[in-house]
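Below is one structure; the comments refer to it alone.
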């Protein structure tokens, strides 16, 4: 029974990899389009703030997808989850959120709490990344094969 579950799990990961590759190709196409539009169509060779934020957001989205694909690939090949890659993925996602964060016209308490929450997340992720690097545990075996 375990063998059937493992095969189904591998099939699911293979389908996820194919779908993620498709999403990455579409995201890469959007990044190329956004960069082309920002540099040549809108203002020649000059990026304003909104265009720069949009291009960086698209770039980080592709980077997040590539890191996620690397995580799935590592699991598919080694049957382990690389903890360091997952934490780096979370750090990149939070960095993307910070870059795309636009301050409101009127500063409210909700915006302040959002910034405090993002700060706490950044500190937690940085601490966890530091502890992972210091401990030397870079991967976590998911399921030990039975003999």
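The values are calculated or read from the model by the stated rules, or taken from the named source; none is laboratory data. All values reported here derive from a predicted model rather than from experimental measurement. FYI the Cβ positions are ideal-geometry reconstructions off the backbone, even for glycines, and counts take in every protein chain you see.
Just a few scattered comments:
- Residue in the stretch 45-55 that is touching a residue at least 24 places away in the same chain (Cβ under 8 Å) and either touching a helix residue (DSSP H, G or I) at 6+ places or on another chain (Cβ under 9 Å) or surrounded by 14 or more Cβ atoms within 10 Å (Cβ to Cβ) (or both) present: yes
- Residue within the stretch 64-71 that is touching a strand residue (DSSP E or B) at 6+ places or on another chain (Cβ under 6 Å), surrounded by 14 or more Cβ atoms within 10 Å (Cβ to Cβ), in a helix (DSSP H, G or I) and touching a residue at least 40 places away in the same chain (Cβ under 8 Å) present: no
- Residue match in the stretch 44-59 (condition: within 29 Å of residue 80 (Cα to Cα) and over 21 Å from the mean Cα position of the chain (by Cα)): no
- Residue 124 assigned to a helix (DSSP H, G or I) and either on the phi > 0 side of the Ramachandran plot or loosely packed, with under 12 Cβ neighbours inside 10 Å (or both): no
- Scan of the stretch 73-83 for residues that are surrounded by fewer than 17 Cβ atoms within 10 Å (Cβ to Cβ) and part of a helix (DSSP H, G or I), ordered by number: 73, 74, 76, 77, 78
- Set side by side, the residues 46, 77, 53 differ, and just one is under 28 Å from residue 11 (Cβ atoms) and at pLDDT below 90, which is 77.
- Residue match in the stretch 89-109 (condition: over 27 Å from residue 29 (Cβ atoms), in a helix (DSSP H, G or I) and touching a helix residue (DSSP H, G or I) at 6+ places or on another chain (Cβ under 7 Å)): no
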